[in-house]
Amino acid sequence: MNIKNYINGQFQNPEKDEWLDNYCPANGEIYGQIPNSSKTDVEKAYKAAKMAFPTWSQTTLDKRSRILIKISELLETNLQRFAEAESKDNGKPVSLAKTIDIPRAASNFRFFGNAITQFASESHESVGQQAINFTLRQPIGVVGCISPWNLPLYLFTWKIAPALASGNCVVAKPSEITPMTAYLLGEICNEAGLPEGVLNIVHGLGTSTGQAIIEHPNIKAISFTGGTATGAHIAKVAAPMFKKLSLELGGKNPNIIFADCDYENMLATTVNSSFANQGQICLCGSRIFIEESIYEKFKTDFVQKVKSLKVGHPSDDSTQIGALVSKPHIEKVKQYIQIAKEEEGKILCGGNSISIKNYENGYYLEPTVIEVPNDECRVNQEEIFGPVVTIMPFKTEEEVLQMANKVKYGLSATLWTNDLKRTMRLSNQLQTGIVWVNTWMMRDLRTPFGGMKASGVGREGGFEALRFFTEAKNVCIKY
Ligand code: NDP
């Protein structure tokens with residue numbers, strides 16, 4: 001199936017008529033083409049957005065809200081179709097796309113459709129000076145949203161929904177590796193009555209199409225989720241142009257397990273936090289630290305559970321782990337397994353590609369558990385972003401805190417303990433944007449979301465996102 005750009009409410013071929021192949025990770029075959037959009041296409045998208053902005057930014061909150069909620073409802077109506085498309089494009093199980101990705105994309109629109117009606121700004125009376133200040137929160141204008149391949153529609157809409165809710169017009173680019181549901185979203189936006197040009201979706205390579213968005217002089221804010229190296233590049237390009245930037249980047253998240261935890265709950269959740277979405281979630285707990293006294297028990301139980309996970313074709317209902325997203329990506333992950341062996345890591349289970357009958361060219365990999373000799377080895381420091389976790393024991397709280405913080409990343413941490421004082425001590429000292437205690441990936445869309453250190457700059461979610469997508473202007477009235 002060939003997909004097109006969505007510009008000014010219409011589906012359009014790229015100006016230069018250049019196309020890229022789109023692969024299905026489950027069988028390794030090309031199943032369609034996507035536009036290899038140029039600067040000219042981005043300029044067309046920008047012009048459409050610019051034209052739409054005066055009206056959209058003045059559209060009442062009630063109307064904007066109703067359109068966003070309508071998009072949400074239509075996503076729910078089309079759940080099966082979107083879930084199948086997401087799975088085919090990305091390799092994730094259809095069951096996962098159906099329960100997580102697409103429902104969350106719908107929630108993103110519903111949440112921000114509602115949130116904008118509750119968003120308020122501050123006022124400050126300058127006592128004794130007969131003046132009052134109030135803050136006007138105005139949309140920025142045309143903004144750019146760029147998202148990765150791991151949670152395609154989920155993360156794409158997590159940016160677009162608050163941008164639109166707060167009155168901006170958008171030029172957006174999904175990952176070239178997983179463009180399908182972003183394409184389908186255009187149809188839904190038209191059906192929901194989103195005016196032409198308010199949202200424009202341009203497909204193509206990061207280094208050309210994405211680059212044209214970030215260096216466009218009049219796209220004044222960039223919301224980006226992706227790798228840390230790309231984030232650094234975007235910052236370099238955008239900073240001298242004084243663009244507003246929100247960067248959600250990589251992670252190497254610690255999962256810290258104390259002996260006093262609720263063991264069974266911890267074990268089941270840890271399997272999930274290690275391998276959900278083939279381990280391709282920025283929040284996966286890829287470094288597992290276990291208190292010494294339960295280390296051997298955990299190791300046996302965890303490996304047994306991991307070995308029983310079913311790797312299979314994404315559309316098979318019993319599949320728990322589908323295909324990795326692309327050939328280069330599975331090669332990268334396998335290289336890290338090789339590095340682990342060279343670093344004297346012990347492969348406790350997994351480590352090999354799997355051949356699935358009738359889909360022999362798909363990108364399947366066994367879930368892999370590596371026992372590492374120390375926390376400083378490369379597989380414990382670098383983001384692998386696949387179905388690979390490391391495990392190692394720790395003796396004291398101080399020791400594990402130090403190891404947890406000794407990476408360049410700082411996105412999330414998971415803590416398993418029933419000791420409240422310890423929970424508070426560690427929550428205060430962990431250098432991450434999110435700390436989950438006795439749970440993982442439990443999300444409330446009102447909370448600030450983002451990372452410290454090399455995991456990013458800024459926060460998304462709730463009013464933080466609406467603040468990002470608006471300019472604060474102080475108005476001071478002397479009376
Ligand atoms: P990339 O950084 O490679 O790509 C992300 C997006 O940026 C893609 O749309 C890509 O396009 C685009 N892009 C690439 N180069 C440029 C450029 N020069 N200018 C503008 N856009 C560009 O990341 P991945 O897609 O490989 O995603 C995986 C990464 O994302 C992991 O590091 C993961 O941790 C991180 N991530 C972070 C999350 C968070 O919330 N902190 C959540 C999810 C993932 P194209 O794909 O077409 O090249």
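Exactly one residue out of 306, 271 is away from the ligand (no atom under 16 Å from the Cβ), part of a helix (DSSP H, G or I), within 24 Å of the chain's Cα centre (by Cα) and modelled with pLDDT of 95 or more: that is 271. Of the residues making up the stretch 275-296, those that are within 16 Å of the ligand (Cβ to nearest atom) and more than 11 Å from residue 391 (Cα to Cα) are 275, 276, 277, 278, 279, 280, 281, 282, 283, 284. Residues in the stretch 276-303 that are within 30 Å of residue 249 (Cβ to Cβ), of a type outside the set (A, V, I, L, M, F, W, C) and either in a helix (DSSP H, G or I) or in contact with a His (Cβ under 9 Å, 6 or more places away or on another chain) (or both): 4 in all.
Evaluating residue 279 against the criteria (1) at positive phi; (2) touching a Lys or Arg at 6+ places or on another chain (Cβ under 9 Å) leaves one unmet condition, (2). Please enumerate the residues belonging to the stretch 451-476 that are under 17 Å from residue 109 (Cβ atoms) and within 12 Å of the ligand (Cβ to nearest atom). Scanning the stretch 451-476 gives 460, 461. When every residue of the stretch 341-363 is checked against the conditions, at least one turns out to be closer than 22 Å to residue 403 by Cα, assigned to a helix (DSSP H, G or I) and without any contact (Cβ under 8 Å) to a residue 40 or more places away in the chain. Is it the case, given these coordinates, that residue 41 is part of a helix (DSSP H, G or I), buried (at least 16 other Cβ atoms within 10 Å of the Cβ) and of a type in the set (Asp, Glu)? It is true that residue 41 is part of a helix (DSSP H, G or I), buried (at least 16 other Cβ atoms within 10 Å of the Cβ) and of a type in the set (Asp, Glu). Residue count for the stretch 115-170 under the criterion of being surrounded by 24 or more Cβ atoms within 10 Å (Cβ to Cβ) and in a helix (DSSP H, G or I): the result is 13.
Could you please let me know if residue 301 is modelled with pLDDT of 95 or more and farther than 30 Å from residue 374 by Cβ? In short, no. Figure legend. Inter-residue proximity from the stretch 15-43: first residues closer than 18 Å to residue 181 by Cβ, second residues among the basic types (Lys, Arg), beta-carbon distance below 8 Å, spacing 6+ or different chains. Indicated pairs: 23/327; 24/88; 26/88; 31/88; 35/4. Taken together, the criteria place residue 220 among residues that are surrounded by fewer than 20 Cβ atoms within 10 Å (Cβ to Cβ), closer than 28 Å to residue 72 by Cα and more than 7 Å from the ligand (Cβ to nearest atom). Considering the stretch 249-268 alone, what residues qualify as being under 24 Å from the mean Cα position of the chain (by Cα) and among the small types (Gly, Ala, Ser)? Once the filter is applied, which keeps residues that are under 24 Å from the mean Cα position of the chain (by Cα) and among the small types (Gly, Ala, Ser), the stretch 249-268 yields 250, 251, 268.
Taking the conditions exactly as written (in contact (Cβ under 8 Å) with a residue 60 or more places away in the chain and of a type outside the set (Lys, Arg)), does residue 267 satisfy them or not? Judged against the criteria, residue 267 is not a match. The residues in the stretch 452-465 that are of a type in the set (A, V, I, L, M), surrounded by fewer than 22 Cβ atoms within 10 Å (Cβ to Cβ) and not in a loop (DSSP other than H, G, I, E, B) can be counted, and the count is 2. Within the stretch 371-397, track down each residue that is surrounded by 23 or more Cβ atoms within 10 Å (Cβ to Cβ), on the phi < 0 side of the Ramachandran plot and under 20 Å from the mean Cα position of the chain (by Cα). Those that are surrounded by 23 or more Cβ atoms within 10 Å (Cβ to Cβ), on the phi < 0 side of the Ramachandran plot and under 20 Å from the mean Cα position of the chain (by Cα): 384, 386, 387, 388, 389.
Of all the numbered requirements in (1) more than 14 Å from the ligand (Cβ to nearest atom); (2) in a loop (DSSP other than H, G, I, E, B), residue 175 misses one, and that requirement is (1). Here is a check on your reading of the model: is residue 400 more than 17 Å from residue 273 (Cα to Cα), away from the ligand (no atom under 16 Å from the Cβ) and surrounded by 22 or more Cβ atoms within 10 Å (Cβ to Cβ)? For residue 400, the condition - more than 17 Å from residue 273 (Cα to Cα), away from the ligand (no atom under 16 Å from the Cβ) and surrounded by 22 or more Cβ atoms within 10 Å (Cβ to Cβ) - is met.
For the stretch 107-164, taking the residues that are closer than 18 Å to residue 58 by Cβ and among the hydrophobic types (A, V, I, L, M, F, W, C), the one that is farthest from the ligand (Cβ to nearest atom) is identified as 136. Confirm whether residue 210 is surrounded by fewer than 24 Cβ atoms within 10 Å (Cβ to Cβ), near the ligand (Cβ under 7 Å from one of its atoms) and of a type in the set (Gly, Ala, Ser). No; evaluated as a whole, the condition is false for this residue.
The values are calculated or read from the model by the stated rules, or taken from the named source; none is laboratory data. Note that the structure is a prediction, hence the values are computed from the model and not measured. Positions of Cβ are generated from backbone atoms using ideal geometry, with glycine treated the same way; all protein chains shown enter the neighbour counts.
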